[in-house]
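Chemist: Have a look at the structure that comes next, please.
Read-outs throughout are calculated quantities, based only on the coordinates presented, and are distinct from any laboratory measurement. Quick caveat: nothing in here was measured; it's all calculated off a predicted structure. For neighbour counting, all protein chains shown are included, and Cβ atoms are generated from backbone atoms with ideal geometry for every residue, glycine included.
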Amino acid sequence: MRGGRLGIDSDPMKRDYLSVDDLSPEDLTGLLDLADAMKADPTAYRDRLAGRAVALVFEKPSTRTRVSFEVGVAQLGGHPVVLNSSELQLGRGETIEDTGRTLSRYVDAIVLRTFEQERLEVLAGAASVPVVNSLSDFEHPCQALADVLTIRERFGGPGGKILTYLGDGNNVAHSLLLAGAKTGMTVRIATPPGFEPIPQVVHRAAEIAAETGGSVEVTHDPEQAAKGADVLSTDVWASMGQEAEADERALVFPIFQLSQQLVELAAPDVLVMHCLPAHRGQEITAEVMDGPRSVIWDQVENRLHTQKALLLFLLGLA
Ligand code: CP
């Protein structure tokens with residue numbers, strides 16, 4: 001735990017992970033190398049968080065994120081403190097800043113799943129310990145770490161590979177754009193008109209890709225996007241908080257369904273990915289999700305390894 005002056009300032013040297021763009025390409029590679037090493041020999045790291053605590057705050061539901069962070073901290077010898085916002089004073093109007101100042105006096109890092117990205121930024125500004133974005137409406141940067149590790153494991157290196165994401169240009173798409181660009185991939189995003197990723201993220205990913213040898217394309221043509229792809233990925237059509245739009249979205253998204261027809265347009269050794277939870281028969285068919293090209297359960301497992309590496313990296317304990 002780090003105590004700030006009067007608990008109102010954040011250490012300018014502390015590292016947060018609010019966006020994939022908080023990691024340089026070199027940081028990202030180093031973090032994934034560490035995750036590889038931790039996955040290969042978890043016992044070598046089992047005391048690395050001894051005497052430390054990590055707060056895991058959820059303002060939205062979670063299965064994978066909650067369990068992988070909670071188990072990951074415990075595997076490192078630390079103490080995870082899982083907090084549902086409805087059980088905190090946060091749910092009764094205490095500010096996110098005061099929550100951050102308070103938690104910083106007890107724990108060594110704060111992981112937050114929330115709605116607006118700004119909420120994470122405000123928390124990070126007030127907290128004196130590292131803050132991690134475990135999903136906002138804008139990005140899902142922890143998911144992107146697991147996805148890139150999974151791609152690396154199968155291909156030996158993501159550089160030069162074609163990663164195609166089909167569906168909503170949402171938080172998962174934003175983080176994949178940035179992570180793909182940072183690792184030198186060609187990232188293709190295929191969405192219905194009106195559901196593109198936000199232009200600032202596309203622009204930033206293109207800037208990064210220009211440095212790493214990758215590239216970025218946004219299209220409305222799912223077949224063109226799938227042609228020759230090394231990875232086909234998707235996500236739900238209506239994210240958490242968009243449930244009221246589900247019926248309307250279901251009218252325009254079906255041609256972006258990750259189907260066997262699209263798999264057959266991709267490279268023969270294509271990897272099928274989905275961050276989960278999935279709706280078989282909507283954004284992905286059961287045949288593809290449960291088929292031989294799916295690496296979805298490796299993605300699930302790699303949330304654990306990458307997040308353990310991330311915590312050590314942010315705490316300077318790598
Ligand atoms: N992919 C993901 O973040 O899963 P959960 O919503 O279950 O945490």
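Chemist: Taking the Cβ of Pro292 as the center, what net charge do the other residues with Cβ under 14 Å away carry, scoring Lys and Arg +1 and Asp and Glu -1?
Modeler: Its environment carries a net charge of -3.
Chemist: Can you tell me the relative contact order of segment 1-135? Whole percent, Cα pairs under 8 Å, sequence separation 6 or more.
Modeler: In percent, rounded to a whole number, it is 37.
Chemist: For segment 77-117, which trypsin sites (Lys or Arg not before Pro) pass both filters: DSSP loop (anything but H, G, I, E, B) and at most 16 other C-beta atoms within 10 Å?
Modeler: Taking segment 77-117 and a limit of 16 other Cβ atoms within 10 Å, the loop trypsin sites (Lys or Arg not before Pro) found are Arg105.
Chemist: Please give me the summed charge of the neighbours of Ala267: other residues whose Cβ is under 15 Å from its Cβ, Lys and Arg +1, Asp and Glu -1.
Modeler: Counting the neighbours of Ala267, the net charge comes to +1.
Chemist: Would you be so kind as to identify which of Val132, Leu83, Gln143 lies farthest towards the positive end of the dipole of segment 1-159, taking Lys and Arg as +1 and Asp and Glu as -1 on Cβ and the Cα centre as origin?
Modeler: Leu83
Chemist: Also: Please report the net charge: other residues with Cβ closer than 14 Å to the Cβ of Val202, K and R +1, D and E -1.
Modeler: -3
Chemist: May I pose another question? I'd like the FRET efficiency for Gln260 and Asp33, computed as 1/(1 + (r/R0)^6) with the beta carbon distance as r and R0 of 22 Å, rounded to 0.05.
Modeler: 0.05
Chemist: If contacts are Cα pairs under 8 angstrom and at least 6 residues apart, what is the relative contact order of the chain in percent?
Modeler: Value for the chain: 19 percent.
Chemist: Once you put a point 7 Å from the Cα of Glu223 and another 7 Å from the Cα of Glu248, both along the Cβ direction, what distance in nm separates them?
Modeler: Placing both labels 7 Å beyond Cα along the Cβ direction yields 2.9 nm.
Chemist: Same structure, new question: Could you tell me the center-to-center distance, by alpha carbons, between segment 164-209 and segment 93-144 in angstrom?
Modeler: Using only Cα atoms, the two centres lie 24 Å from each other.
Chemist: Given DSSP loops and a limit of at most 16 other Cβ atoms within 10 Å, what is the longest stretch of the chain that contains no such GluC sites (Glu not before Pro)?
Modeler: 117-318
Chemist: For Ala74 and Phe115 in one chain, what is 0.36 nm times their gap in residues minus the Cα-Cα distance, to one decimal in nm?
Modeler: 12.1 nm
Chemist: Filter the trypsin sites (Lys or Arg not before Pro) in segment 158-239 down to the DSSP loop ones having no more than 12 other Cβ atoms within 10 Å, then list what survives.
Modeler: none
Chemist: Among the chymotrypsin sites (Phe, Trp or Tyr not before Pro) within segment 84-176, which fall in a DSSP loop and have no more than 15 other Cβ atoms within 10 Å of their own Cβ?
Modeler: Taking segment 84-176 and a limit of 15 other Cβ atoms within 10 Å, the loop chymotrypsin sites (Phe, Trp or Tyr not before Pro) found are Tyr106, Phe115.
Chemist: What are the lysines whose alpha-carbon lies under 22 Å from the alpha-carbon of Lys161, with same-chain residues fewer than 8 places away excluded?
Modeler: Lys182, Lys227
Chemist: Something else about it: Would you work out which of Gly160, Met13, Ala238 lies farthest towards the positive end of the dipole of the chain? Charges go on Cβ: Lys and Arg +1, Asp and Glu -1.
Modeler: Checked the options; the winner is Met13.
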